[in-house]
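I have placed the structure first, in the form of structure tokens, so that the comments after it can refer back to it.
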Amino acid sequence: MFVLFEEAGQYLGARVLSGTETSAQVELDSGKRLKVKAASIVLRFEQPAAAQLLDEARALAATVDLDLAWEFAPEGEFGFADLAADYFGDQPALAQQAAALLALFGAPHYFRRAGKGRFKKAPAEIVRQALAAIEKKKAVQAQIDAWAEQLAAGQCPDAVREQLYKILFKPDKNAPEYKAVVHASRATQQAPLALLERAGAIDSAYQFHWRRFLFENFPKGTGFAAQAMQAASALGGAAGVPGDLPLAAVRAFSIDDSLTTEIDDALSVHGLGSGTVTVGIHIAAPGLVLAPGDVLDQAARARMSTVYMPGYKITMLPDAVVSACTLEAGRDCPAVSLYVQLDEASLAVQSSQSRLERVPIAANLRHDQVEAGITEDWLAGRHGASAEAVPVPEPAAALRAELSFLHRLAQALKAQREEVRGKPESFNRPDYTFRLSTPLGAEGAPEGSERVEISTRRRGAPLDLIVSETMILANSTWGGWLASLGVPAIYRSQASLAPGIKVRMGTRALPHAGLGVKSYAWSTSPLRRYTDLVNQWQLITAIRHGQTAALAAPFKPRDSALLAVVSGFEAAHTAYHAFQSAIERFWTLRYLAQEGITELEATILRDLPPAPMLARAETLPLVFSVLGAQGLARGARVRVRLGEIDEIALDVHTKLIERLDDANATASAARAGDEEADEADGADAAAAGPITIAVDLSEDEAPTVPPAAQTA
């Protein structure tokens, strides 16, 4: 005896081993034995064997005209044998009955199930809708197949090109464009990115990186919403800031790069030669223009920071707000000022005071225009008129006394921090600056074909030291003051300099071991960083209300909104920094090709198993893996030959040519290296490329290519 029964949403045939009125013990062709309820059995038969009957029934079911069967079917509930009799004729054969069952079961859009082996006709309107959906699905599948064929042939359909970044980085697995890429990737045994690149979907490596960043971080574009633009325009330039602020009796100056438009900070010096000198640190005050929760605040919070890249930037605030608040020379600019009184001889801090005021800005000094001449010798009056002297243009030359005092103060502040820190800060690598020499693209952003110039700026140079030390002084002083008043703020802290202890952001005033200060609240770049703007609102309240500021501050202790700002800023800052590093690496690789550089001198970084050996170029901001450098110690100097450059993966192939130093000396120096060098090398290794493009493919759809090939 054989039976046909339903099990787990399908019909199976089996041989009966034993049975009762309520169940039967059966054996499948595979040898597997099951206990089947009698209610699940729809056919019992002796001939033919179950497998043969199912084969015949499936073949016959495929020939059933479902439209005709639907017409023949009774209006009420019916069994499959009833339909078999109407469709095939009276007394249908066993195979015909089984075929009717399979046909009915496999057409839920025509027939609804009403029990084991029983069905009911679907309404005519439902049938029409279902058939239309089936036809649409067939058409979509045909389109997917056509697109997949085009991709496999090296051609990219427009629809796939338009969805490129979504397919690669945030795919909708039900989208036909995504499915076409998956099918073509599987058919050609190529990773999706390689497939799309070969098909011409990526016409510019620069645009690929730029548009990917915009897709992930600015999906609605880089423009501000209409309401934010209207609010910014209403400021009317500098007239939009409070006009009742007192005018400071100082002549302040800023120190920035020529491309800087968001001038956040300026300095002033008063009382030289009197024995007591007052240094003013003046910070632009958008916090007097924006209010927490207003439309401009929402715009700034959505971005969290200005995004920087060679040749372009995406500002945190609309241009009209920046224009109203930037510390531009020739204007009396609203500012939050910190005045620090010092003993002129010993440089000991005697007192400090914070004010809200208008500050006359006498000059905007630009690093690239004056830094070459402002040396330690020039500041100390030792430069003379030697042939090597670089002239210092006005108005910087007129500020020699002020700059000299500030440099002496900066050296003293740095020494104090290093004493707390426990060891000196090392500036053993230069900062690199990128300039694009050709006009910008139609929308302001580079197009990727510009000529790039890469130059160095020595870290720790006098102007650089003046700015960094005075800003650390302001951030640490204000952070401690806010904490003493019980006014919460956003701080950066580091518990110790031990390996693995990283800088963290939080709302508690904790020591920053890396800087050697008791607390550090980012407050000096409110035009560029949202954390600084939030802290400025707290500072403004503290200046206005003093000891009762904690009650009046926009953000209260344990305020969840403040914690949300910390979390949001960290996420945005990480994404923006990663993009800036990637796009600077792109321009560095472009520079290699532009200048025809085929060899580089480099220094070996420590190897990070199982990754390959890494090296850092000595004259460019570039870290790369080196073939043939295994076994070399960290610090070894080598010459490498450059090979193929991949601007999509941001990778360059290099091979060791020769070693340039003494092996024993290098090994000794490497052993003497400190933990900070190890940590810095590890950070460089993370940015050494190639970049990873992790396309989200379902396991059952993933092409059978080696795992390593599924990254760019």
Checklist outcome for this item: At R0 = 56 Å the Cβ-Cβ FRET efficiency linking Asp294 and Ala593, nearest 0.05, sits at 0.70
Item to check | Cα-based helix-to-principal-axis angle, 176-188 vs the chain, degrees rounded to 10 | outcome: 80
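Sort 132-142, 551-561 by packing, meaning the average of other beta carbons within 10 Å per residue, with the highest value first.
Numbers: 132-142: 10.7, 551-561: 14.5.
Per-residue Cβ counts within 10 Å, averaged per peptide and sorted highest first, yield 551-561, 132-142.
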Item to check | Alpha-carbon centroids, the stretch 354-433 and the stretch 79-152: separation in whole Å | outcome: 83
Checklist entry - Sorted by packing (mean other beta-carbon atoms within 10 Å per residue), highest first, where do 253-262, 320-329 land? => result 320-329, 253-262
Checklist entry - Lys414: which lysines have alpha carbons under 25 Å from its alpha carbon, excluding same-chain residues fewer than 8 sequence positions away? => result Lys423, Lys502, Lys518
Next on the checklist: Can I get the semi-axes of the stretch 1-105's equivalent ellipsoid? Compute them from the C-alpha gyration tensor as square roots of 5 times the eigenvalues, in angstrom, largest first.
Outcome noted: 26, 14, 12
Checklist entry - Okay, helix-only estimate at 222 nm for the chain: each DSSP H run of n ≥ 4 adds -39500 (n - 2.57), divide by all residues, round to 500 deg cm²/dmol; what do you get? => result -11500 deg cm²/dmol
Checklist entry - About the Cα centre of the stretch 358-418, what is the dipole size in debye to 20, counting +1 per Lys and Arg Cβ and -1 per Asp and Glu Cβ, all else neutral? => result 300
Checklist entry - What ranking do 364-375, 490-501, 183-194, 25-36 get when scored by the average of other Cβ atoms within 10 Å per residue, highest first? => result 183-194, 364-375, 490-501, 25-36
Checklist entry - Size of the dipole of the chain about the Cα centre, Lys and Arg at +1 and Asp and Glu at -1 on the beta carbon, nothing else charged, in debye to 20? => result 1480
Next on the checklist: Please give me the summed charge of the neighbours of Ala73: other residues whose Cβ is under 13 Å from its Cβ, Lys and Arg +1, Asp and Glu -1.
Outcome noted: -3
Checklist entry - According to the Cα gyration tensor, what semi-axes, each the square root of 5 times an eigenvalue, does the equivalent ellipsoid of the stretch 314-406 have, listed from largest to smallest in whole Å? => result 29, 22, 10
Item to check | Where Met316, Met229 fall by accessible area, highest first, once all protein chains stay in place (1.4 Å) | outcome: Met229, Met316
Item to check | Neighbour net charge for Gly460 - beta-carbon separation under 14 angstrom, K R +1, D E -1 | outcome: -1
Checklist entry - Put +1 on the Cβ of every Lys and Arg and -1 on every Asp and Glu Cβ in the chain; which of Met316, Gln353, Ala69 then has its Cα farthest towards the positive end of the dipole? => result Gln353
Checklist outcome for this item: Full extension between Arg118 and Lys136 adds, at 0.36 nm per residue less the Cα distance, a length in nm of 3.6 nm
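Rounded to the nearest whole Å², what accessible area per residue is found for the chain with the 1.4 Å probe?
Computed with neighbouring chains in place, this is 47 Å² per residue.
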Checklist entry - If you average over every viewing direction, what projected area does the convex hull of the Cα atoms of the stretch 470-548 give, in nm²? => result 5.1
Checklist entry - What's the carbon and sulfur percent of the chain's accessible surface, probe 1.4 angstrom, rounded to a whole number? => result 51
Next on the checklist: Counting only other residues whose beta carbon sits under 14 Å from that of Ala114, what net charge do I get with K and R as +1, D and E as -1?
Outcome noted: +2
Checklist outcome for this item: Using the Cα gyration tensor of the chain, the equivalent ellipsoid's semi-axes, largest first and to the nearest Å, work out to 71, 33, 25
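The values are calculated or read from the model by the stated rules, or taken from the named source; none is laboratory data. Please read all numbers here as calculations on a predicted model, not as lab measurements. Heads up, the Cβs are rebuilt from the backbone with ideal geometry, glycines too, and the neighbour counts pull from every protein chain shown. Note: areas computed on protein heavy atoms with side chains; ligands, DNA, RNA excluded. Shrake-Rupley method; radii C 1.70, N 1.55, O 1.52, S 1.80 Å.
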